[in-house]
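Undergrad: Take a look at the following structure, please.
The values are calculated or read from the model by the stated rules, or taken from the named source; none is laboratory data. Because the structure is a prediction, the values reported are computed rather than measured. Cβ placement follows ideal geometry from the backbone for every residue including glycine, while neighbour counts extend to all protein chains displayed.
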């Protein structure tokens, strides 16, 4: 299983194209507060890819939009398949390191295989089994993937999906994308037909 986790440059280029498409959809929908035009206000990020996704560290721009109407100027952050909210590590790294931590189980092996500190991986597993359980995203996942076990998240989610590892990771990142923005309460509508 560990040998097939090479997430290369092409994978992250594809995710960046998805993010660009999402940003265009959000911009076309206009400002959710006042209906004004949304303009690009991208900003830099310094994501970590660890050993799982060093090619993803080249994804340094987080697409962002800002209302152009005077007096509003609110940010409308499009959902992202590359970044998982404000986390420093890329979304694919959070997902795959969590799955590997469940599979390997041995703390020393986790750090050696993923490059992510054990303490960080344990914190992510706590998120999957804690706050994540009360999200609308998990409700949507359960509706699409019957039999997802809460105690085995995220591995149980990945195992229910068809395709290669890359396709599975991309699909789970698409499921998680509404969690990557707080400025668009209905972010999931922009994801239909994307991934």
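Undergrad: For segment 113-128, enumerate the residues that are assigned to a loop (DSSP other than H, G, I, E, B) and touching a residue at least 24 places away in the same chain (Cβ under 8 Å).
TA: Across segment 113-128, the qualifying residues are 115, 116.
Undergrad: Same structure again: Which condition breaks for residue 23 when tested against (1) more than 17 Å from residue 174 (Cβ to Cβ); (2) out of contact with any helix residue (DSSP H, G or I) (no Cβ under 8 Å at 6 or more places or on another chain); (3) buried (at least 18 other Cβ atoms within 10 Å of the Cβ)?
TA: The failed condition is (1).
Undergrad: Looking at segment 155-175, which of its residues are part of a helix (DSSP H, G or I) and free of Cβ contacts under 8 Å to residues at least 60 places away in the same chain?
TA: Selection gives 155, 156, 157, 159, 167, 168, 171, 175.
Undergrad: Just the residues that are surrounded by fewer than 22 Cβ atoms within 10 Å (Cβ to Cβ) and not in a loop (DSSP other than H, G, I, E, B), please, taken from segment 57-75.
TA: Selection gives 57, 58, 61, 62, 66, 75.
Undergrad: Turning to a different aspect of this structure: Output the number of residues of segment 176-187 satisfying the condition of being surrounded by 20 or more Cβ atoms within 10 Å (Cβ to Cβ) and assigned to a loop (DSSP other than H, G, I, E, B).
TA: Residues in segment 176-187 being surrounded by 20 or more Cβ atoms within 10 Å (Cβ to Cβ) and assigned to a loop (DSSP other than H, G, I, E, B): 2 in total.
Undergrad: Same structure, new question: Looking at 141, 116, 137, 60 in this structure, which one is closer than 25 Å to residue 8 by Cβ and under 16 Å from the mean Cα position of the chain (by Cα)?
TA: 60
Undergrad: What is the one condition in (1) in contact with a strand residue (DSSP E or B) (Cβ under 8 Å, 6 or more places away or on another chain); (2) part of a loop (DSSP other than H, G, I, E, B); (3) closer than 30 Å to residue 36 by Cβ that residue 85 does not satisfy?
TA: Among (1) in contact with a strand residue (DSSP E or B) (Cβ under 8 Å, 6 or more places away or on another chain); (2) part of a loop (DSSP other than H, G, I, E, B); (3) closer than 30 Å to residue 36 by Cβ, the lone unmet condition for residue 85 is (1).
Undergrad: Counting only residues that are surrounded by fewer than 18 Cβ atoms within 10 Å (Cβ to Cβ) and part of a helix (DSSP H, G or I), how many does segment 136-154 have?
TA: Qualifying residue count for the region: 10.
Undergrad: Mind listing just one residue for me: the one in segment 39-49 that is more than 16 Å from the chain's Cα centre (by Cα) and assigned to a loop (DSSP other than H, G, I, E, B) and, of those, surrounded by the fewest Cβ atoms within 10 Å (Cβ to Cβ)?
TA: Result: 42.
Undergrad: Return the only residue of 80, 98 being part of a helix (DSSP H, G or I), in contact (Cβ under 8 Å) with a residue 24 or more places away in the chain and either touching a helix residue (DSSP H, G or I) at 6+ places or on another chain (Cβ under 8 Å) or surrounded by fewer than 21 Cβ atoms within 10 Å (Cβ to Cβ) (or both).
TA: Answer to the check: 98.
Undergrad: Can I ask one more? Do we have any residue at all in segment 28-38 that's within 19 Å of residue 187 (Cβ to Cβ) and in a helix (DSSP H, G or I)?
TA: Yes: segment 28-38 contains one or more residues that are within 19 Å of residue 187 (Cβ to Cβ) and in a helix (DSSP H, G or I).
Undergrad: Of the residues 48, 24, 74, only one is under 23 Å from residue 192 (Cβ atoms) and at pLDDT 90 or above; which?
TA: Being under 23 Å from residue 192 (Cβ atoms) and at pLDDT 90 or above holds for just one of 48, 24, 74, which is 24.
Undergrad: With the checklist (1) assigned to a strand (DSSP E or B); (2) within 22 Å of residue 166 (Cβ to Cβ) in hand, flag the one item residue 13 doesn't pass.
TA: (1)
Undergrad: Let me ask another. Only one of (1) in contact with a helix residue (DSSP H, G or I) (Cβ under 8 Å, 6 or more places away or on another chain); (2) part of a helix (DSSP H, G or I); (3) at pLDDT 95 or above is not met by residue 110, so which one is it?
TA: The one condition residue 110 does not meet is (3).
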